[in-house]
Structure formats: structure tokens, C-alpha cells
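The values are calculated or read from the model by the stated rules, or taken from the named source; none is laboratory data. Keep in mind it's a predicted model, so treat the numbers as computed, not measured. As a convention, Cβ positions derive from the backbone with ideal geometry for all residues, glycine included, and neighbour counts pool all protein chains shown.
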Amino acid sequence: MRSSPQSPHGKGSLQERWSPASSTGHPSRKPREHGRISVHAVYRQVLVEGKYDPNTRTVTIESAPWNGEEFAKPSAAAIAVVTHYNPERNANTNGWRFWRVSDTGRLLDSLRDT
């Protein structure tokens, strides 16, 4: 049996932290903070949380060890996560498909201008 992914912040499993707030199944967190959108990724069973700024298209990773480091592109932030947790892997990663919007669970790509 697989265990639930753990938060690097020691606040319990993903299932505990991301329990549905309503029948829609959306997480019980505020998705926006000053125009930024809460995003997350689960990579190698580790929850990594951040904020996406739709005006600048930057991603700030809030989880340790980045602690607020801003990346110019979603892919740069995704590559940082992959490199940290899986240094043997080729880190090229499409950040638009790596990050998920925390309030909907949809890919960050769903917010991208077409």
C-alpha cells in the first residue's frame, strides 16, 4: 500500500492538508494573495507549494529549501524542484504542466494565454 505524500513542512499528509472544503472537492485554502495564485506540485511524494503571478508569469516557491525564491518562468521553478529531489534525472521539465492551481487542481497551463 502506498503512503500519502508528506509535506516538507511536517504538517501531515497531503490527504489531511488538502481535504475538500465543499462538494466541489476544492482544497480549503485561499487561492489568491495580492493577485498571485496558489500553486503546488507533488514530486517524488513531496508537496511543494508556491505562488504564480499572472502579470509577470513568475513562480515563487514557498516551500523549503527555496523559502520564497522567485523564478522567472514556471519551467525554471519546476527544474529547480526536479534537480533538488532527483539530481540524476534530466531536469528539463515543462513548468506549465508540472504545477497545479491549488484551488482547482487543474494544470497551471489552464491559466496560460492562448
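Take the residues in segment 33-60 that are polar (S, T, N, Q) and without any contact (Cβ under 8 Å) to a residue 24 or more places away in the chain; name whichever of them is farthest from Asn86 (Cα to Cα). Spell out how you get there, then give the answer.
We begin by selecting, within segment 33-60, every residue polar (S, T, N, Q); these are 38, 45, 55-56, 58, 60.
After this cut, where a residue has to be without any contact (Cβ under 8 Å) to a residue 24 or more places away in the chain as well, the list is 55-56, 58.
Working: Asn55: 30, Thr56: 28, Thr58: 23 Å.
Selected residue: Asn55.
For segment 26-39, does any single residue satisfy the condition of being modelled with pLDDT under 95, in a helix (DSSP H, G or I) and within 22 Å of Ser110 (Cβ to Cβ)?
Taking every residue of segment 26-39 in turn, none turns out to be modelled with pLDDT under 95, in a helix (DSSP H, G or I) and within 22 Å of Ser110 (Cβ to Cβ).
Can you go through Asn67, Asn55 and tell me which one is at pLDDT below 95, surrounded by fewer than 14 Cβ atoms within 10 Å (Cβ to Cβ) and either over 12 Å from the mean Cα position of the chain (by Cα) or part of a helix (DSSP H, G or I) (or both)?
Numbers: Asn67 fails: at pLDDT below 95.
After ruling out the rest, the residue left standing is Asn55.
Can you confirm whether Glu88 is surrounded by fewer than 19 Cβ atoms within 10 Å (Cβ to Cβ), in contact with a strand residue (DSSP E or B) (Cβ under 9 Å, 6 or more places away or on another chain), among the acidic types (Asp, Glu) and not in a helix (DSSP H, G or I)? Don't jump to the end; show me each part of the working.
Values: surrounded by fewer than 19 Cβ atoms within 10 Å (Cβ to Cβ): yes; in contact with a strand residue (DSSP E or B) (Cβ under 9 Å, 6 or more places away or on another chain): no; among the acidic types (Asp, Glu): yes; not in a helix (DSSP H, G or I): yes.
Considered against the rule, which asks whether it is surrounded by fewer than 19 Cβ atoms within 10 Å (Cβ to Cβ), in contact with a strand residue (DSSP E or B) (Cβ under 9 Å, 6 or more places away or on another chain), among the acidic types (Asp, Glu) and not in a helix (DSSP H, G or I), Glu88 comes out as no.
In segment 81-105, which residues are under 15 Å from Gly50 (Cα atoms) and free of Cβ contacts under 8 Å to residues at least 60 places away in the same chain?
Selection gives Val81, Val82, Gly95, Trp96, Arg97, Phe98.
Can you name the condition, by its number, that Thr104 falls short on among (1) assigned to a strand (DSSP E or B); (2) under 17 Å from Gly35 (Cα atoms)?
Every condition holds for Thr104 apart from (1).
Restricting to segment 36-55, give me the number of residues that are within 24 Å of Asp113 (Cβ to Cβ) and β-branched (Val, Ile, Thr).
The qualifying residues number 2.
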